[in-house]
Amino acid sequence: LLFMSAQVALHEAQPSRHAQALADLQRALTLTDQRYPEAHFALADLLMRDGRFADALVPLDKALDPAINPIAPAHYLNARAYARSRS
């Protein structure tokens, strides 16, 4: 539910809602012991929307960690390449 709440906040495209989305994603990650690749990816997306490309690399690396995500989705790899090129 926290993940979905964050997604709704992000889709509203209001920067004022980013703080709530960030809090929801961090709580979802805490509750799942950091083993929620989609939440890591959404956190990276939020950071990139705020222009924080270097900061987005950390959650992208976690989303791509084979220990929690054995199959690296192409859009995760593309997002990481983009964030790296912008940082």
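The values are calculated or read from the model by the stated rules, or taken from the named source; none is laboratory data. Keep in mind that what you see is a predicted model, and the values were worked out from it rather than measured. We place every Cβ from the backbone using ideal geometry, glycine too, and count neighbours over all the protein chains shown. To get the accessible areas, we keep the full protein, side chains included, count just its heavy atoms, and leave off ligands, DNA and RNA. Shrake-Rupley method; radii C 1.70, N 1.55, O 1.52, S 1.80 Å.
From Arg35, Arg86, Arg49, which residue is over 9 Å from the mean Cα position of the chain (by Cα), under 20 Å from Val8 (Cα atoms) and among the charged types (D, E, K, R)?
Arg49
Between residues in the range 29-58 that are closer than 14 Å to Leu77 by Cβ and residues that are among the small types (Gly, Ala, Ser) and open to solvent by 50 Å² or more (accessible area, probe 1.4 Å), which pairs lie under 9 Å by C-beta distance while being six or more apart or on different chains?
What qualifies is Ala56/Ser87; Leu57/Ser87.
Counting just the residues of the range 1-30 that are within 18 Å of Asp65 (Cβ to Cβ) and surrounded by fewer than 16 Cβ atoms within 10 Å (Cβ to Cβ), which one comes out farthest from the chain's Cα centre (by Cα)?
Thr30
Can you confirm whether the range 66-75 contains a residue that is at pLDDT 90 or above, of a type in the set (S, T, N, Q) and under 12 Å from the mean Cα position of the chain (by Cα)?
The answer is no; no qualifying residue exists.
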